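Take a look at the following structure, please.
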Amino acid sequence: MRLPHAIDLDDAALRESVARKTESATTLLRRIATDYRPAALANSLSVEDMLLTDLIHRERLDIENFSLDTGRLPTETYDLIAAAETRYGRKFTWYYPRHDLVEPYVRTHGINAFRESVELRRACCHARKVEPLQRALAGKRAWITGMRAQQSATRAHLPEQVFDEANGLEKFNPLADWTEREVWAYIRLNDVPYNALHDRFYPSIGCAPCTRAITVGEDIRAGRWWWERPETKECGLHAKQP
Ligand code: SF4
């Protein structure tokens, strides 16, 4: 089994497609920074979001970079944050869950209740991710994500731009048409910091108890909430998107 970043960087066609899509994504980010101020990148610390962080930093765009600390993130993710803050010379903006939502949930259902049903899993994601996201997006005119159409069945028809009715602002997915190979080519060509778990066959990383490594032949989202069916595997941050 090959690691996702084990790719041939001398592949001329790959370099050409990465350069073309980088230009396209940069143009879109510039437009967002100009026409949709205040805008924010919801940074999940994925390789896609690190790519976007790199573009925003290079272009010195006026786009906020925020992340959600669910309280259940892997150690490697915190290590990545420290490395990224050093690399880019700026602190990320953090949002945390409300204690008055998390504490009753844990007291009533238990510390790992998210494994018991889709409803309890979604309730945990709501308290630890969705509610903090809503606070982070309040007052913004646009938010940016690193989602790609190829990532899962739930994202197959992902648009580059769509009005997010649930949060009441424009949503942009500048990497919607990027392949995993192209993302990794950008990361390697530009020496962008990434989560060390990717070197241990974790292609998609979220909270520690809800993320595992994948094996040969598995989908790249197979390691997220692996006890659920593919069509339920969204945390609620993006579930209302077409
Ligand atoms: S990914 Fe898991 S631990 Fe994290 S908020 Fe969702 S259910 Fe809770």
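The values are calculated or read from the model by the stated rules, or taken from the named source; none is laboratory data. Just so we're clear, the structure is a prediction, and the values are computed from it rather than from any experiment. Every residue, glycine among them, receives a Cβ derived from its backbone with ideal geometry; neighbour counts consider all protein chains shown.
State yes or no: is Arg141 in contact with a Pro (Cβ under 7 Å, 6 or more places away or on another chain) and away from the ligand (no atom under 14 Å from the Cβ)?
Yes; evaluated as a whole, the condition is true for this residue.
Mind listing just one residue for me: the one in region 124-146 that is more than 17 Å from the chain's Cα centre (by Cα) and surrounded by fewer than 19 Cβ atoms within 10 Å (Cβ to Cβ) and, of those, nearest to Ala39 (Cα to Cα)?
By that ranking, first place goes to Arg141.
Same structure again: Which one is surrounded by the most Cβ atoms within 10 Å (Cβ to Cβ) among residues in region 167-226 that are among the acidic types (Asp, Glu) and farther than 22 Å from Val118 by Cβ?
The qualifying residue surrounded by the most Cβ atoms within 10 Å (Cβ to Cβ) is Glu182.
Here is a follow-up. Which is within 16 Å of the ligand (Cβ to nearest atom) and farther than 26 Å from Asp54 by Cα, of Cys207, Cys124?
Step by step, each of Cys207, Cys124 is checked, and only Cys124 is within 16 Å of the ligand (Cβ to nearest atom) and farther than 26 Å from Asp54 by Cα.
Got a sec? Which of Glu85, Glu59, Glu76, Glu103 is charged (D, E, K, R) and at pLDDT below 95?
Going through Glu85, Glu59, Glu76, Glu103 in turn, the sole match is Glu85.
Continuing with the same structure: Looking at Gly110, Gly71, which is the one that is touching a residue at least 24 places away in the same chain (Cβ under 8 Å), exposed (fewer than 13 other Cβ atoms within 10 Å of the Cβ) and more than 26 Å from Arg30 (Cβ to Cβ)?
Gly71
If a residue has to be touching a residue at least 24 places away in the same chain (Cβ under 8 Å), in a loop (DSSP other than H, G, I, E, B) and either of a type in the set (A, V, I, L, M) or within 20 Å of His57 (Cβ to Cβ) (or both) to count, how many in region 180-222 make the cut?
8
Which residue pairs have Cβ atoms closer than 7 Å, lie 6 or more positions apart in sequence or on different chains, and pair a first residue in region 124-141 that is within 16 Å of Ser44 (Cα to Cα) with a second residue that is among the polar types (S, T, N, Q) and more than 11 Å from the ligand (Cβ to nearest atom)?
Going by the 7 Å Cβ cut-off, the qualifying pairs are Gln134/Asn167; Leu137/Asn167.
Now a separate question. Lys91 passes all but one of (1) under 25 Å from Ala138 (Cα atoms); (2) within 16 Å of the ligand (Cβ to nearest atom); which number fails?
Condition (2) is where Lys91 drops out.
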